[in-house]
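Here the structure is laid out as structure tokens; the discussion comes afterwards.
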Amino acid sequence: MILFIQISLLVLCLFTGLQFVRLDHWWIRIADFTHIQVFVLTLLYLVLLLINTPLDDIVNISLFGFGLLTLLYQAYIIYPYTPLHAKAAKSIKRIFDEDSISILESNVFMDNTNYQLLLDQVAKENPDIVITLETGTKWSAALSVLDQDYPHSSKVPFDNTYGMMLFSKLPLIDTSVNYLVEEEVPSIETTVKLPHGTMVKLHVIHPKPPSPSENYMSTERDAELIIVGKKAKAEKMPVIVAGDLNDVAWSHTTRLFQRISQLLDPRIGRGFFNTFHAKYWLFRWPLDHVFHSDDFLVRRVARLPHIGSDHFPLYIELVYKPITGPARNSVPADADAEDRKESKDKLLSVDAIV
């Protein structure tokens, strides 16, 4: 028993060291997903170590010390995504005639046939915008019933797990489907006109994940995030970026995206809102995202019930209300010279415009 605890704690410490490695190989980037699980397991084995053996030799003292450092590091990474941390995007309880926008975003899982479960969620939440990812031709046909209530749309139904659809009650202007890095991976860029006339730039993205079966390196995904981040930073109007980033909220790449884009993550100070994997509670991470500029306050953000997919839908209500002074939102630190160099190198590696 004691040997098992010691080996398990050592493995967790070594695995944490792997999370410091800044290589783009898929197996290292996937390691960045697991901070919650490593935190829980490290805490468990530290307690078991204290219960089962006295700390009276160099091995156990060293293991406990390294385990404690591991626990503190994991806590440092995930702490901003707990209610104990200050909210980056401030809350608003009521809407007093301000421009607002509600979005329901769902990776539907292309082979999932529980179409009605998603339609029921749309009917219940009644969002201004519905975004679906992994939307193939069968899902496109099933969701066509939304056209009546959502007269504005952009539909890219691909049967390669990277199809996407955008339904909107609000007018869409200058909508385009872009292929930013890979020719079979679309993204949608449009301008949404809010009820009182505010124009908002909306980007919908779903880059390929780093994996042995898709992209051995994470470079293509990272490059797409950087391209969208640069567009968001240069935009004069308010910005929202939504989609399945195939990356967790606390990863190096996602935080780099935030520094480049200067967009806020509404989960900071509110919770993890783990949307994947819907069927395995022990292995869940926040892969579905909505980032927004600091022109918005958050009225509600929620993970919605299971619809048969491997992802839970994500719902958010934002209110356009620029504020100044101490009550303003907490904007991410701006990209520094090292960030800009990393971004340029990644874009050059996929022949993107820098």
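Listed values, structure above:
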| quantity | calculated |
| --- | --- |
| So ASP159, is it more than 30 Å from SER218 (Cβ to Cβ) and either in contact with a Ser or Thr (Cβ under 6 Å, 6 or more places away or on another chain) or open to solvent by 10 Å² or more (accessible area, probe 1.4 Å) (or both) | no |
| Total residues in the stretch 17-37, condition in a helix (DSSP H, G or I), among the aromatic types (Phe, Trp, Tyr) and at pLDDT 65 or above | 1 |
| Tabulated pairs, the stretch 262-281, first on the phi > 0 side of the Ramachandran plot, second crowded, with 21+ Cβ neighbours inside 10 Å and outside any loop (DSSP other than H, G, I, E, B), C-beta under 6 angstrom, 6+ apart or interchain | none |
| Qualifying residue in the stretch 82-99 (condition: buried (at least 22 other Cβ atoms within 10 Å of the Cβ), within 19 Å of the chain's Cα centre (by Cα) and of a type in the set (Ser, Thr, Tyr)) | no |
| Cross-chain or 6+ apart pairs with Cβ under 7 Å, the stretch 52-81 first and closer than 16 Å to ASP32 by Cα, then aromatic (Phe, Trp, Tyr) and surrounded by 18 or more Cβ atoms within 10 Å (Cβ to Cβ) | LEU71/PHE39; GLN74/PHE39; ALA75/PHE39; ILE77/TRP250; ILE78/PHE39; ILE78/TRP250; TYR81/TRP250 |
| Residues of the stretch 101-144 satisfying the condition of being charged (D, E, K, R), more than 23 Å from the chain's Cα centre (by Cα) and within 24 Å of ASN160 (Cα to Cα) | LYS138 |
| Filter result for the condition that a residue is modelled with pLDDT under 95, aliphatic (A, V, I, L, M), farther than 29 Å from HIS252 by Cβ and not in a loop (DSSP other than H, G, I, E, B), over LEU49, LEU55, LEU63 | LEU49 |
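Listed here are the residues, each with its yes/no results for (1) touching a Leu at 6+ places or on another chain (Cβ under 9 Å); (2) not small (Gly, Ala, Ser).
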residue: LEU263; (1), (2): no, yes
residue: PRO266; (1), (2): yes, yes
residue: GLY269; (1), (2): yes, no
residue: PHE276; (1), (2): yes, yes
residue: ARG284; (1), (2): no, yes
residue: LEU297; (1), (2): yes, yes
residue: PHE312; (1), (2): yes, yes
residue: GLU338; (1), (2): no, yes
residue: LYS341; (1), (2): no, yes
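Okay, residues lined up against (1) at pLDDT 95 or above; (2) more than 15 Å from LYS169 (Cβ to Cβ):
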site	(1), (2)
ILE92	no, yes
GLU98	no, yes
SER102	yes, no
TYR115	yes, yes
ASP120	yes, yes
VAL130	yes, no
LYS138	yes, yes
ALA142	yes, yes
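Listed here are the residues, each with its yes/no results for (1) open to solvent by 20 Å² or more (accessible area, probe 1.4 Å); (2) closer than 16 Å to THR253 by Cα.
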position: ALA302; (1), (2): no, no
position: ILE316; (1), (2): no, no
position: TYR320; (1), (2): yes, no
position: THR324; (1), (2): yes, no
position: ARG328; (1), (2): yes, no
position: ASP334; (1), (2): yes, yes
position: GLU342; (1), (2): yes, yes
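The values are calculated or read from the model by the stated rules, or taken from the named source; none is laboratory data. Just so you know, these numbers come straight off a predicted model, no measurement behind them. Cβ atoms come from the backbone with ideal geometry, glycine included; neighbour counts cover every protein chain shown. Note: accessible area is taken over every heavy atom of the protein model, side chains too, but ligands, DNA and RNA are not part of it. Shrake-Rupley method; radii C 1.70, N 1.55, O 1.52, S 1.80 Å.
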